[in-house]
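Here's the structure, in structure tokens; my notes come after.
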Amino acid sequence: MQVASDSPSTFDLEAYSCQRRQLIEERLDEYLSERKPEKLWQAMRYSVLAGGKRLRALLAMAAAEAVYLTNTASRGVGSESAVWPTVVPLCCAIEMVHAMSLVHDDLPAMDNDDFRRGKPTNHKVFGEAVAILAGDALFIMANEILVTKTPPTVDREALIKVVAELAQAVGPEGMVAGQIYDLAFTGAAEKIEKKEIYPEDIAMIETIHKYKTAAFIAFSARAGARLAGASASQLAWFGQFAEILGLAFQVADDLLDCTGNMKDLGKTPGKDQAANKATWVTCFGMEAARAKLSELEDAGLTLLDNSDLEPSSRPVLQALLQYAIHRKS
Ligand code: IPE
Ligand code: IPE
Ligand code: MG
Ligand code: MG
Ligand code: MG
């Protein structure tokens with residue numbers, strides 16, 4: 001068994017990502033080719049094609065590749081690129097849903113942010129009404145892409161399960177609930193400061209992060225794995241691994257809000273404190289956030305060590321986990 005190390009991975013994630021990212025970017029550009037009403041499509045393209053790390057799409061692809069390599073290992077067949085056509089539409093759908101979540105998250109009624117991915121936010125450019133509608137359009141179109149562009153070789157029952165899981169991960173039992181909790185717990189950090197409530201009383205913070213961020217990241221990994229033909233135990237493994245990665249991703253985002261800069265983040269730092277948001281850092285402090293990240297890194301690496309996945313498919317998963325934790329942007 002190949003043992004994952006807890007030192008940062010030496011795997012070249014940039015080299016891994018380059019070709020895959022290009023494939024996804026080209027397909028997104030094609031799916032979102034401009035049509036009428038022009039302002040709507042321009043707004044959709046503005047946020048989806050504005051860059052971004054594409055972490056969720058890459059995770060979906062890495063999960064699909066891991067399942068493909070594991071399940072074909074005994075037959076000695078195949079390069080992982082054989083599974084790309086199966087999951088590229090899913091990867092695009094994921095990035096469209098993610099862009100929707102960012103456009104809506106930035107709205108004045110939510111986080112009221114002016115910059116995203118190094119550019120003015122969608123509503124700053126197109127106005128609030130178009131930003132809301134562009135988000136709606138992206139979400140529903142993502143489902144259409146998933147259903148109509150996923151190749152017919154993919155089992156239809158598996159595809160229906162992916163569509164249902166997407167709704168669960170992003171809807172009122174997932175991200176939308178998380179965003180509601182996020183708003184409801186605004187001000188919690190100040191209450192801790194004034195000793196009106198205590199940190200242990202807001203264990204809820206982990207729930208907020210799981211709902212608003214980890215659920216969709218876990219969906220991304222599970223969906224990639226499922227379309228590649230994952231078994232029930234492989235699906236469960238990916239769900240567990242990616243939930244750890246997803247929670248860590250949001251704790252790292254909370255830390256970066258304090259330690260990062262506009263140039264690297266592409267968004268205004270210091271917003272959480274200013275808006276009185278309940279984040280890992282504002283509620284528990286920077287050291288606690290770092291300790292949580294270290295705990296999550298250990299948990300993810302242990303899971304990886306104990307996985308039954310083909311050894312050659314594991315380094316990228318380790319690299320993605322450690323990137324989510326140690327990233328600067
Ligand atoms: C930002 O997501 C929203 C969070 C859940 C913290 P990303 O940091 O993945 O944003 P992009 O896609 O790289 O812009
Ligand atoms: C966003 O969390 C979670 C979403 C569902 C979009 P944040 O509000 O912390 O994300 P940023 O910091 O604006 O990217
Ligand atoms: Mg938010
Ligand atoms: Mg925000
Ligand atoms: Mg944030």
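Numerical summary
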| item | result |
| --- | --- |
| Residue check, Leu320 touching a residue at least 24 places away in the same chain (Cβ under 8 Å), more than 30 Å from Lys119 (Cα to Cα), away from ligand 2 (no atom under 14 Å from the Cβ) and surrounded by 14 or more Cβ atoms within 10 Å (Cβ to Cβ) | no |
| Condition met for Phe238 (within 16 Å of ligand 1 (Cβ to nearest atom), buried (at least 19 other Cβ atoms within 10 Å of the Cβ), under 15 Å from the mean Cα position of the chain (by Cα) and of a type in the set (Phe, Trp, Tyr)) | no |
| Which numbered condition Leu321 fails, given (1) farther than 21 Å from Ala66 by Cβ; (2) not in a loop (DSSP other than H, G, I, E, B) | (1) |
| Selection within the range 221-240 - under 23 Å from Gly78 (Cα atoms) and touching a Leu at 6+ places or on another chain (Cβ under 7 Å) | Ala221, Arg222, Ala223, Gly224, Ala225, Arg226, Leu227 |
| Residue list for the range 273-289, restricted to those being of a type outside the set (Ser, Thr, Tyr) and either free of Cβ contacts under 8 Å to residues at least 12 places away in the same chain or surrounded by 22 or more Cβ atoms within 10 Å (Cβ to Cβ) (or both) | Ala274, Lys277, Ala278, Trp280, Val281, Cys283, Gly285, Glu287, Ala288 |
| Single residue of the range 65-82 satisfying the filter (buried (at least 23 other Cβ atoms within 10 Å of the Cβ) and of a type in the set (A, V, I, L, M, F, W, C)) that is nearest to ligand 1 (Cβ to nearest atom) | Ala66 |
| For Glu34: the one exception among (1) crowded, with 17+ Cβ neighbours inside 10 Å; (2) part of a loop (DSSP other than H, G, I, E, B); (3) free of Cβ contacts under 8 Å to residues at least 24 places away in the same chain | (1) |
| Matching helices (runs of 4 or more DSSP H) fully within the range 195-261 where at least 3 residues are among the β-branched types (Val, Ile, Thr) | 204-209, 232-259 |
| Hey, Glu14 over 24 Å from Thr150 (Cβ atoms), more than 14 Å from ligand 1 (Cβ to nearest atom) and assigned to a helix (DSSP H, G or I) or not | yes |
| Residue within the range 108-117 that is more than 20 Å from Pro151 (Cα to Cα) and more than 16 Å from ligand 2 (Cβ to nearest atom) present | no |
| Restricting the range 142-154 to residues that are in contact (Cβ under 8 Å) with a residue 12 or more places away in the chain and not β-branched (Val, Ile, Thr), the residue that is surrounded by the most Cβ atoms within 10 Å (Cβ to Cβ) | Ala142 |
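Since every read-out is calculated from the coordinates, none of them should be taken as a lab result. Just so you know, these numbers come straight off a predicted model, no measurement behind them. Counting neighbours? That spans all protein chains shown, and the Cβs are built from the backbone with ideal geometry, glycine included.
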